[in-house]
Amino acid sequence: MQCEICGKDADTAVKVRIEGSEMMVCSNCKTLGQEVKKKPEKPKKTTKKTTKKQKISVKREKSPQRKSVYDEMDQIIPEYGSLIRNAREEKGLTQEELADKINEKSSIISKLENEKKLPEEKVIKKLESFLEIKLRE
Ligand SMILES: [Zn+2]
């Protein structure tokens with residue numbers, strides 16, 4: 001590296017500002033000007049900017065239609081039997097009468113109340129709307 005002022009070969013050239021112009025000078029000549037300090041290099045950001053793109057691609061891959069089928073099959077609450085019985089008794093109905101109201105066999109009501117059988121989807125819906133209860137979580 002050659003000093004731009006004295007012309008000497010300088011091992012370590014320093015960038016200085018002299019009368020408005022920047023020059024590469026040797027360490028001896030640098031006192032003639034004002035040292036131009038190198039701007040500290042900003043560490044390259046390692047945070048990936050691809051996150052947005054990735055999110056979009058994930059969204060596209062998932063098919064939302066598939067899940068809704070399973071959403072319909074909510075879990076029957078564990079105490080569904082006593083819930084049905086209590087609600088039925090509150091309405092002052094016998095098992096037979098309730099069965100008649102929702103067009104099901106009384107044996108089904110009996111089995112459901114004793115929790116010997118899990119109610120079918122259509123029965124759940126009928127019981128829920130007729131007895132005004134929630135059998136699913
Ligand atoms: Zn010099």
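Listed values, structure above:
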item: Under 5 Å, built H, 5+ apart or other chain: amide partners of K8; result: C3
item: Additional length obtainable on full extension of the chain from T12 to K37, 0.36 nm per residue less Cα span; result: 7.6 nm
item: Debye intensity ratio in log₁₀ form over the Cα atoms of the stretch 80-131, taken at each q of 0.13, 0.16, 0.19, 0.25 Å⁻¹; result: -0.22, -0.34, -0.50, -0.93
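Computed from the coordinates by the stated procedures, all read-outs in this text should not be read as laboratory data. Note that the structure is a prediction, hence the values are computed from the model and not measured.
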